[in-house]
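Encoded as structure tokens, the structure appears first; notes follow it.
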Amino acid sequence: MAAGLAALEWNCPLRQPRVAARLVTDWSTAHLGPGGDVLRLDLSPSGRYRLHLPLGAIAPEVVSGFVISEDHWFRWHPGINPVSLVRAGWQDLRAGRIVSGGSTIAMQVARMLNPGPRTFAQKLAEAWCALHLRAHYSSTRLLELYLNTVPMGGNLEGVGAAAYFYFGKPASLLSWGEAAQLVALPRSPERLRPDRHPDAALRARGRVLEALVLRERLTREERDLAGTAPVPAGRRANPLCMPHLVRRGAGLGVPGRILSYLIRPDLQAACERRLKASSVRLQRIGVREGALIVVDNRTMAVLAYVGSPDFAEPRTGQVNGCAIHRSPGSALKPFLYAAGVERGTITPHRMVLDVPHAWNGFAPVNFEPGFCGPVPAEQALVQSLNVPAVALDADLGDAGLHAVLERAGLRDAGRARLDAGLSAVLGAFPVTVEEMASLYAMLANGGRRRPLRFTAGDPASDGVPVLSPAACFVVSEMLATNARPDLPLAWEWSPHHGKIAFKTGTSFGFRDAWAVGYTPRYTVAVWFGNADARGAAGLKAREIAAPVLFDILNPLAREGDEWFAPPAGVARRTVCAVTGEPAGRWCRRRGEDWYVAGVSDMTPCGVHQQLRIRKADGVEVCSDCMDGPEEAYGERVVAIWPPDVEQFFRATGRRFDELPRHDPACRAPARRAGPTIASPGPAEYLVASALPADRQRIALHARTGSDTERLWWFVGDALVASAPPADTCWWTPRPGRWDVVVLDARGRSDRVRINIRPGRAESLAGPGPRQREK
């Protein structure tokens, strides 16, 4: 006895870190739907189901029933009830063992926090600790703690968990009959479990109801009605709805939260059905995974979240496809084009060039074979042309795609180490479906990237500015012209289709298929692929992901017919229908295009020009070489394209204006663009002394306009070749740093610097020196 009394101070739960920590962290997380439906209850760290509910979230019937049944004088005594203790002590002494506890609610809390054998010393320790608990906590907080930790049979503790597992409802909605069933349980949690001993549970509930009548808390009529409530036939199974979303929530923060998700149940169910239906067909081509997110752009609430087509699929069904990093293919290109609009470089109809080009040995090609030549930026974007995108990113430099992603918060340490460079715009910068949905919602929200909100407790945020509203509007207009998989040419005439801006992306090797679309109100992101990154030949975004996107987004687009209004500074202007540049004096075909006042390039079209032609011999003249009467000359409007475009037209057999040669006697400086070197590029080359020199020659080739008749090639100070522009010349390299210069008859030139250094023969593959990108 003396030893037990000496241990009283140490045994107080408040003095033990383990017990104190349990009060803070040993709780289950409850995952709830918008209507309070249980999606999942997680075990607490100690392996129990126990919910941390405020007293206001527990039905008054439950609170009254426990106080009346367990500790009628709870709100008036200091933690122990002397009368009850004396009575229980007398009964225990007469029996020679503990037969009556006399425990108050505070004493029961002390026992639950620090259980021990039922001895007189333990009972005294519990009484001492009850005084401490009552001194540290208000009666409301102590009652709340008791109701949340009271044993309810098995691994259930607290009325919150018991309400869900026995009755399938929150503790706030329990009736008198259900409340009395729970009040009866703590007296003998295992012997009175309704799922195992229904008759004993029914009798115990009747005793509680009778006590409530004696205390005048219930009338006899109310007691009789409560007594008709059925006894739970079994413990309900723990549901697992929206499993990927629930697991995501369980992995964030500390246990013990009540997570009320913002999901729209009807929309979630439709997305799950659509994704699963697609996966059945896709499994035939070797694609098993898919993911889908729907976001409300106004609130950033996640309205649907599907991490895989079938969570029960044993191989990869539990992989959350919404949270894994995958190659986006071309799906990040809209953000590059928005940066171009923001810098005034492009407008929707402004011409960009899809012709062969290399950047330090990096020579991108398109998803579909071939090149398109000059195309409007809008067409280059929606058709995912690669060369114009890489060229735009190179021109923007530090203001390109990487800058946009960094402002958006996506340039973390892991992805920064990839050093994707210009290839990022082609898919070398991995993102998640969550990130992709947030990025496209940013376009709908005028360029502010705001975090996704999954639960009602997630705070709303104004986000960070990443792009200008003007750039987002112009890109949205561009994306809205993308050919849809449903009624691509006539969707405007259907009452079932709304205006949608969207983009697809297919990664290299057919490993990932993306489709992301948005309206002013909603954003939907869809991904298909394999968790192990295996490719599948038939995995094409426009054929696989886009139909799913429109099946989900079309009904949402009909919820509101509004579209984005042009922000301040965005207007229409007259442009050349061929180049998309502000119409010049000689542009005959004209159209309209969006532009940003004070930002977009206002330089008039330079392609269409008027030439003076000498009638006698058909050569072009200028003011410096005209030496005859005015009537000896005529005028002609022509399209003067850059040399690489002319060369593309010539190679593909497309018609273009063949320019007359300028008067060879003219001594004025040339006005048109000169040759540009296509090969070699400004790179490092390896040559091996063990290989024949004729197998390591470097090609010399330049792009020229039609007014160029011959080229001269110099390496260092030496002339190494001379030939017509259509011919490729060759040079046998020697180690060192060399300036390669090409010159035409009018003195126009271009120059690149290359580095030649020795290399081992076994490191060279195929003819020609090995090129290393700088």
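The values are calculated or read from the model by the stated rules, or taken from the named source; none is laboratory data. Only a predicted model underlies this, so the values are computations on that prediction, with no experimental measurement involved. Every residue, glycine among them, receives a Cβ derived from its backbone with ideal geometry; neighbour counts consider all protein chains shown. For the accessible areas, the whole protein counts, side chains as well, though only heavy atoms, and no ligand, DNA or RNA atoms are used. Shrake-Rupley method; radii C 1.70, N 1.55, O 1.52, S 1.80 Å.
The helix-based estimate of mean residue ellipticity at 222 nm for the chain, built from -39,500 (n - 2.57) per DSSP H run of four or more residues and divided by its residue count, is -9000 deg cm²/dmol to the nearest 500. Which one, (1) 96, 69, 49; (2) 136, 66, 48; (3) 208, 73, 59, gives Cα extents along the principal axes in Å as derived from the coordinates shown? Identified label for the calculated read-out: (2). What angle do you read, to the nearest 10 degrees and between 0 and 90, between the alpha-carbon axis of helix 333-342 and the longest principal axis of the chain? So the helix axis and the longest Cα principal axis differ by about 70 degrees.
Return one whole number: the accessible area per residue of the chain in Å², for a 1.4 Å probe. Please list the in-between numbers first.
On the way: 34880 Å² over 774 residues.
On a per-residue basis, 45 Å².
Starting from the Cα gyration tensor of the stretch 264-336, take the square roots of the eigenvalues, sort them a ≥ b ≥ c, and report rounded, prolate or oblate (rounded when a/c is under 1.5, otherwise prolate if a/b is larger than b/c, else oblate). Spell out each step's value before the answer.
Details: a/c = 1.95, a/b = 1.19, b/c = 1.63.
Note, shape of the stretch 264-336 comes out oblate.
Normalised by the number of residues in the chain, the average gap of Cα pairs under 8 Å and 6 or more apart makes the relative contact order 9 percent. With a 1.4 Å probe and all protein chains left in place, how much of the accessible area of the chain comes from carbon and sulfur atoms, in whole percent? Carbon and sulfur together cover 54 percent of it.
For the chain, lysine pairs separated by 8 or more sequence positions, or belonging to different chains, with Cα-Cα distances below 22 Å total 5. For the chain, the longest principal axis of the C-alpha atoms and the axis of helix 265-282 are separated by about 60°.
Which net charge results when you count Lys and Arg as +1 and Asp and Glu as -1 among the other residues whose beta-carbon is under 13 Å from that of Glu435? Please list the in-between numbers first.
Working: positive: Arg326, Arg411, Arg415, Arg449, Arg450; negative: Asp412, Glu434.
Taking every Cβ under 13 Å from that of Glu435, the sum is +3.
Checking the a/c ratio against 1.5 first, then a/b against b/c, what shape does the Cα gyration tensor give for the stretch 262-398? Verdict is prolate for the stretch 262-398.
Rounded if a/c is under 1.5, else prolate if a/b beats b/c, else oblate: with a ≥ b ≥ c from the C-alpha gyration tensor eigenvalues square-rooted, which is the stretch 581-724?
Numbers: a/c = 2.64, a/b = 1.50, b/c = 1.76.
In terms of gyration-tensor shape, oblate.
Bridges between two residues of the chain, per DSSP, are antiparallel at a rate of about 90%.
Phi angles of the stretch 397-403 translate, via the Karplus equation with coefficients 6.51, -1.76, 1.60 and θ = phi - 60°, into HN-Hα couplings of x, 5, 9, x, 4, 4, 5 Hz per residue; Gly and Pro are given as x.
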